[in-house]
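See below for the structure under consideration.
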Amino acid sequence: MNLMKILLISLALLLLPGCWNSKDIQRMAYVTALGIDYKDGKYISYVQVLNFSSVAKVESTELGKNIPIWIGKGEGTTLTESFNSIYATSQIRVFWGHLKSIVISENMLKHGDKIKEAYDMLNRYREVRYNILLYGTKEPLQEVLHTKSILNFSPLDSILDTPTQTFSQRSYIVPVYGFKLLAQINEPGDPAMLPSLTLDKANWHEDTKPKSLLKIDGAYFFNKGKMTGWLSEGDLIGYRWIQKKLERSPINIPNDKNPTAAIVLLHPSSKITSVFQDGKALFNITIKIQAYLDELNANIPEKTMEEQAAKVIKNEIRNTYKKGLEKKLDVLKLDQALYRDYPQKWHELHQNQDFIFDEKSLNNIEVKVKLLHTGKYKGRVD
């Protein structure tokens with residue numbers, strides 16, 4: 001009887017299906033970044049693929065070891081078709097669960113409806129997460145995706161996938177997640193802002209060989225789903241002071257060829273209020289910000305430093321506002337403040353025109369800088 005039981009169990013085990021559908025995690029292509037272009041009615045997609053040792057936390061991984069980057073290219077009348085043309089030659093399964101960033105060409109950014117279509121397709125796929133970073137670029141997508149980080153670290157340690165490392169030391173333009181950008185595009189009075197990437201080929205060398213590294217050089221702006229313009233980082237220098245997420249950003253005081261000091265500003269608190277005069281909306285900006293002294297070239301009182309810093313911030317905000325006016329861009333998001341505080345008035349003002357701002361719209365800017373400390377050296381108080 002026992003022998004019969006053993007035989008029956010053995011037969012039952014033979015009938016069980018094997019793990020033919022299992023996947024060896026070391027034999028999958030991990031997509032970490034995606035580039036999307038649109039040309040001649042076709043989507044052109046580029047996938048950046050790293051091997052398993054690059055995306056997994058392995059104790060034996062050697063820091064600084066040269067990690068190869070594979071780029072796959074596909075084309076199709078839909079994004080799905082372009083991906084399938086990549087699958088046709090990938091040899092192994094392509095896994096999307098490690099996708100961290102999407103870079104969109106400027107050519108595709110001009111087709112706002114195509115961006116929504118592409119992002120909708122990606123979000124429908126179960127492996128892709130919602131917290132994907134978005135960038136625009138004027139550079140060739142293949143070159144952007146081929147760029148590694150400093151010391152031959154993988155792209156996972158670059159601005160492309162981990163911008164917070166740089167942003168914590170130098171805060172200018174805030175990285176944006178895809179779901180945030182689409183929410184802003186659909187929100188009245190809230191111009192969407194997309195950081196743009198460029199390739200810096202001048203500032204770093206490996207031994208004597210120039211190394212190309214990624215840099216955020218400006219931002220694209222959208223209104224009602226359409227791209228309305230681009231401004232450089234220099235043009236947007238005053239925008240940083242109204243960013244709630246700004247961590248630290250330096251300025252020279254005064255901001256001329258012979259500064260007396262360099263200070264670092266931290267965690268601004270800003271408020272935009274609207275007033276009405278002769279049927280027009282005027283805007284006041286109030287900013288409170290902390291600072292510390294980083295470099296001192298002349299012995300000046302702390303009170304003077306605070307006053308000079310406040311003046312520099314005011315000038316930068318006004319200059320950025322003027323740069324936006326030239327291209328009819330609401331860089332400081334004044335329209336958003338008006339919509340939230342006075343929605344009925346916002347609709348009245350926008351009945352006959354989309355852009356309601358002129359040189360007089362930005363009324364008063366009040367900045368209060370609080371110097372926390374002067375470093376290891378004492379500063380003058382008088």
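Points worth noting:
- Area of residue 167 that stays accessible when all protein chains are in place (1.4 Å probe, Å², to 10): 20 Å²
- Residue 299 versus residue 81: modelled label distance in nm, points set 7 Å from Cα along the beta carbon direction: 7.5 nm
- Calculated FRET efficiency for the pair residue 355/residue 277, C-beta based, R₀ 22 Å, to 0.05: 0.75
- Computed Rg/Rh of the chain, alpha carbon atoms with Kirkwood Rh: 1.10
- Relative frequency of Cα-Cα separations exceeding 20 Å in region 136-212, percent: 43 percent
- The residue list 88, 361, 319 was ranked by how far each Cα lies along the charge dipole of the chain toward its positive end, using unit charges on Cβ atoms, and 88 comes out on top.
- Given charges at beta-carbon only (K, R positive; D, E negative), |dipole| of region 121-180 in Debye: 240 debye
- Among 337, 298, 33: highest mean-square fluctuation, GNM of the chain, C-alpha pairs under 10 Å: 298
- Legend: distances between Cα atoms for 73/226; 288/311; 288/328; 226/333; pairs beyond 19 Å are 73/226; 288/328.
- Normalised by residue number, the volume inside the convex hull of the Cα atoms of region 73-138 is 95 Å³ per residue.
- Where labels lie 7 Å past Cα in the beta-carbon direction, separation of residue 258 and residue 95 in nm: 6.2 nm
- Mean separation of Cα pairs under 8 Å and 6 or more residues apart, divided by the residue count, gives region 284-382 a relative contact order of 65 percent.
- If you plug the beta carbon distance of residue 368 and residue 70 into 1/(1 + (r/R0)^6) with R0 = 45 Å, you get a FRET efficiency near 0.30.
- Charged side chains reduced to their Cβ positions (Lys and Arg at +1, Asp and Glu at -1) give the chain a dipole of some 600 debye around its Cα centre.
- Note on region 99-175: Kirkwood hydrodynamic radius from all Cα pairs is 13.9 Å, rounded to one decimal.
- Counting only whole DSSP H helices of the chain, the ones at least 18 Å long by C-alpha along their axis and with mean Kyte-Doolittle hydropathy no lower than 0.5 are 2-15.
- Among the trypsin sites (Lys or Arg not before Pro) found in region 63-141, those both in a DSSP coil and sparsely packed, with 10 or fewer other Cβ atoms within 10 Å of their Cβ, are 126.
- Under the convention that each Lys and Arg Cβ holds +1 and each Asp and Glu Cβ holds -1, the size of the dipole of region 210-335 around its Cα centre is about 520 debye.
- Each Cα pair under 8 Å and six or more residues apart adds its sequence gap; the mean of these over the residue count of the chain is a relative contact order of 12 percent.
- Fully extended contour minus Cα-Cα distance, from residue 151 to residue 307, at 0.36 nm per residue: 52.0 nm
- Region 126-162 versus region 239-274: alpha-carbon centroid distance in Å: 28 Å
- Label point at residue 267 placed 7 Å out along Cα→Cβ; residues across region 242-258 whose backbone nitrogen lies under 18 Å: 242-250
- Estimated from helical segments only, the mean residue ellipticity of the chain at 222 nm is -7500 deg cm²/dmol, where each DSSP H run of four or more residues counts as -39500 (n - 2.57).
- Ordering 155, 71, 350 by Cα displacement along the dipole of the chain toward the positive end leaves 155 in first place; charges were set at the Cβ atoms of Lys, Arg (+1) and Asp, Glu (-1).
- In this rough spin-label picture, where each label sits 7 Å from Cα along the Cβ direction, the residue 232-residue 322 distance is 1.6 nm.
- Reported to the nearest whole Å, the Cα centre-to-centre distance from region 300-332 to region 338-376 is 13.
- Furthest towards positive pole of dipole, 301, 276, 287, structure part region 275-317, Cβ charges: 276
The values are calculated or read from the model by the stated rules, or taken from the named source; none is laboratory data. Keep in mind it's a predicted model, so treat the numbers as computed, not measured. Every residue, glycine as well, gets a Cβ built from its backbone with ideal geometry; the counts of neighbours run over all protein chains shown. Surface areas here come from the heavy atoms of the whole protein model, side chains and all, with no ligands, DNA or RNA. Shrake-Rupley method; radii C 1.70, N 1.55, O 1.52, S 1.80 Å.
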